[in-house]
Amino acid sequence: MNLFAQMRSRVLDALSQMISDGVLPDGLDFANVAVEPPRDAAHGDMATNAAMVLAKPAKMKPRDIAEALAERLGLLAEVESATVAGPGFLNLRLDPSIWADLVQTIVTTPEYGRSDMGQGGKVNVEFVSANPTGPMHVGHTRGAVFGDALASLLSYAGYEVTREYYINDGGAQVDVLARSVYLRYLQAHGQEVEFPEGTYPGDYLIGVGEALKEKVGDTYLDKGEQFWLADVREFATEAMMEMIRGDLAALGVTMDRFFSEKSLYGTGRIEGALAELDGKDLIYRGTLEPPKGKLPEDWEPREQTLFRSTAYGDDVDRPVQKSDGAWTYFAPDIAYHWDKIERGYDQLIDVLGADHGGYVKRMKAAVAALSDERVPLDVKLCQLVKLYKNGEPFKMSKRAGTFVTLRDVVEEVGADVTRFVMLTRKNDAPLDFDFAKAIEQSKDNPVYYVQYAHARCRSVLRKAEAAGITAASPVLTDAAEIDVVRALAEWPRVVEIAARTHEPHRIAFYLYDLAQSFHALWNRGNDRPELRFWQEGDAGSTAAKILLPQAVSVVISAGLGILGVTPVEEMR
RNA sequence: GCACCCAUAGCUCAGCUGGAUAGAGUGUCGCCCUCCGAAGGCGAAGGUCGUAGGUUCGAAUCCUACUGGGUGCGCCA
C-alpha cells in the first residue's frame, strides 16, 4: 500500500484517457511522470510533474496539459482538489478520509512498507571481510553496520539476500599471524620473546598462544618454521575468525556465509577463473608503464600476466601474477567473484573501506567480463570514522594502548547507538563518532530521539490496553495529526528509494523526521488537551485517537528493524 | 602526473528520476511542565549550494574546465 504509487497509476490512467480523447498525442512515454510529496505541505498533499515532463514530447504548453489533467483528477473520489501551480505543477489535495484510511491500513497490514520491488532477485552483499589477523576495529564497524543494514533493507524491498564475508586467509599476512602466535606459544612455555618488526605484538594473541600450547604441548618447541607454520596458521586463523564472529555478534551481525580465500588455492578455482577470462582474450603477458609522477624507487620494467581490464573501462590493465609467479591479491578475488556469479546472483554488492577506491574499476571490469555484463557489481565505499571524546580528537595508537576495537565501542555505547550513529551519515561521507555524545541521552542523540518517540507510542498503547480500550476508526482533524500521517505515507517510498540507491542512511533520516512530527504532535497536547491520545475518562475518544500512535510505532519499529536497532518499549 | 570520492547556514550534515521560496541538527537569542513521559516542543536569526562556463522551460542535482580537501596508483591485502 503506497499512496504515491497508487496516485501515480491514477495519473497515468487519466493521461491515457486524455490520449484516447485526443487531448494528448499518441506514443508518449510516461516513465518520468512522478507523483511526489510537494516541497511545501502548503501546496497540497501530493504533486505531479506530468505536465512539465510531457510538454515537450506532446508539443504543448505545460499549463494546458496540467489544466486538462487537473480537470480529470478532480473527479476522483480521493482527490479533494487539483490545482495548477508554478511552471506546470499539479498539486493534489486529498480527501481527508484518505488519511484515516491509511492509518487503518498501516495497523492492519502486516509489514506496511515492505516492497516486492526486488521481485525475489538474488543479491550477494559482501562486507566486513577484515583480515583474520586481529580484532575488528572501529573502521570495520562502519562497514559491518552499513553492510548489514543494506542487506536488511534489500531483503525488506523484496530481494533474496546473502550476507557474505570473504576471509583473506591466503596471503602473507596470515604467515605473519602464525609467527606471532608461535612467539606467544613460546612465551606460554615460559620463554623470553621479543616481537621483531613484521610481527603482531598485540595482547590478543596471548590466549591463542596458550591455547596452542594446550593443544600441541611442546611439539613445536625448538622446531623450524617449516615444521609448524602451516598448522599454526590454521590454528591461529580459526582462533581469529572465532573472535571476529564474536565481535560481529556483539554488533548484532550474522553472516550467512564465510568464504575462505585459501579455499581458492590449489583447487584450480583461480586458474579456472583466469582461463575463463583468457577464453575471452582478456589475459596476456605484457609490461606495464610506470605510474607517472612519483616513480617508485625500485621500479624496473617487468613482464607480467595481465588482465585486460581496460576493455571494460579501467585505466590500465592489471597484473594477476607477481614477478615471482605468485598470484596477486586480485587473482583470487577474480576467482571469488566468479564463484559468486556462478552461484547465480543477479546482483553483487561489495562494501569496502574508502582506501580500496582504486580497486573498484578493475573489480567491476572483472565481473563485467566474467558475467558478460549480465551481473552488475556495485561497490560501496565507506569513508573513515574519526573518533572524538567530548569534541577532542581521539587518536588511536596500538603502542599507546588507545587502539579502539569494535568491542570497545560496543561495550562503551551499546550496539543500538553504535549502529544508528554509523548510519546517520552517507556511506561516502566521513563520520565523526564522539563517544561522550553517543552515550548522552539527549536530543543531541538521534537514536534516543527516535526511540523516545516509539516509547511514547507504546506508553499510550499500554495505558489504553490496561484500560481495556481497543482502537476504533481514527478521526484526524488537526494539521499536526495530518503531518504525522503524511510522514507515514512516505514510508513505502523511502524504502524503495533507499533500496534502489543502496543507501540505508535514508531510513535513519526518515525515522528522525517521523519522530520529529510525532513529538510535535505530542507536545501540542500540552496546550490543547483535545489533541492528546489519552482522553481522560472518555474511552470512545481515546479509542479513536490511539490508532495513530499505533501506526507510528509500527513504522518506527519496522524502520529500526532494518537498521538493526531495538525499538524500545520504554526509556530507562 | 592519472583515477575515484567530497565541497550546501558559524559547526556537523540531509536534499528523491533535474522541479516550486534549498532543509534538519547543533550553536546563539526568546518562550513552553498544575498538562497523555520536558530524554520533548514552539519561535527568531543564519545561505553568491567552492569558482567560471554550458545543457534545459527549469540545475545544489547533468556536462566541461578550474580551485581546495581526502583516498589510491606493479611484486600489501
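What the table below lists for this structure:
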| item | result |
| --- | --- |
| Long-range neighbours under 8 Å by Cβ, at least six apart or interchain, first residue assigned to a helix (DSSP H, G or I) within segment A:493-508, second among the basic types (K, R) and more than 9 Å from RNA strand B (Cβ to nearest atom) | A:V495/A:R114 |
| Selection count where residues are out of contact with any Pro (no Cβ under 9 Å at 6 or more places or on another chain), open to solvent by less than 70 Å² (accessible area, probe 1.4 Å) and among the β-branched types (V, I, T), scope segment A:263-313 | 2 |
| Options A:A543, A:A551, A:A520: the member that is open to solvent by less than 40 Å² (accessible area, probe 1.4 Å), in a helix (DSSP H, G or I) and more than 30 Å from A:D116 (Cβ to Cβ) | A:A543 |
| All positions within segment A:22-65 that are assigned to a helix (DSSP H, G or I), open to solvent by 50 Å² or more (accessible area, probe 1.4 Å) and either more than 16 Å from A:P87 (Cα to Cα) or more than 7 Å from RNA strand B (Cβ to nearest atom) (or both) | A:A42, A:P57, A:R63, A:D64 |
| Hits in segment A:410-440 - residues which are closer than 20 Å to A:D355 by Cβ, outside any loop (DSSP other than H, G, I, E, B) and touching a helix residue (DSSP H, G or I) at 6+ places or on another chain (Cβ under 7 Å) | A:M422, A:L431, A:F433 |
| Matching option when the condition is more than 9 Å from RNA strand B (Cβ to nearest atom), on the phi < 0 side of the Ramachandran plot and out of contact with any Leu (no Cβ under 7 Å at 6 or more places or on another chain), among A:V495, A:V450, A:V484 | A:V495 |
| Restricting segment A:317-353 to residues that are among the acidic types (D, E), in a helix (DSSP H, G or I) and in contact (Cβ under 8 Å) with a residue 24 or more places away in the chain, the residue that is farthest from A:L154 (Cα to Cα) | A:D333 |
| Qualifying position, being over 23 Å from the mean Cα position of the chain (by Cα) and either open to solvent by less than 30 Å² (accessible area, probe 1.4 Å) or within 23 Å of A:T501 (Cβ to Cβ) (or both), among A:A326, A:A331 | A:A331 |
| A:V565, sole failed condition from (1) in a loop (DSSP other than H, G, I, E, B); (2) within 13 Å of RNA strand B (Cβ to nearest atom); (3) in contact (Cβ under 8 Å) with a residue 24 or more places away in the chain | (2) |
| Qualifying residue in segment A:108-117 (condition: in contact with a strand residue (DSSP E or B) (Cβ under 9 Å, 6 or more places away or on another chain), within 16 Å of RNA strand B (Cβ to nearest atom), closer than 22 Å to A:V379 by Cα and not in a strand (DSSP E or B)) | no |
| Helices (runs of 4 or more DSSP H) within segment A:206-305 that include 1 or more residues of a type in the set (F, W, Y) | A:225-251 |
| Residue within segment A:188-197 that is within 16 Å of RNA strand B (Cβ to nearest atom) and not aromatic (F, W, Y) present | yes |
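The values are calculated or read from the model by the stated rules, or taken from the named source; none is laboratory data. Here the structure is a predicted model, which is why all the values come from computation and not from measurement. Neighbour counts are summed over all protein chains in view; Cβ atoms, including those assigned to glycine, are modelled from backbone coordinates with ideal geometry. Heads up: the accessible areas ignore ligands, DNA and RNA and are worked out on the full protein's heavy atoms, side chains in. Shrake-Rupley method; radii C 1.70, N 1.55, O 1.52, S 1.80 Å.
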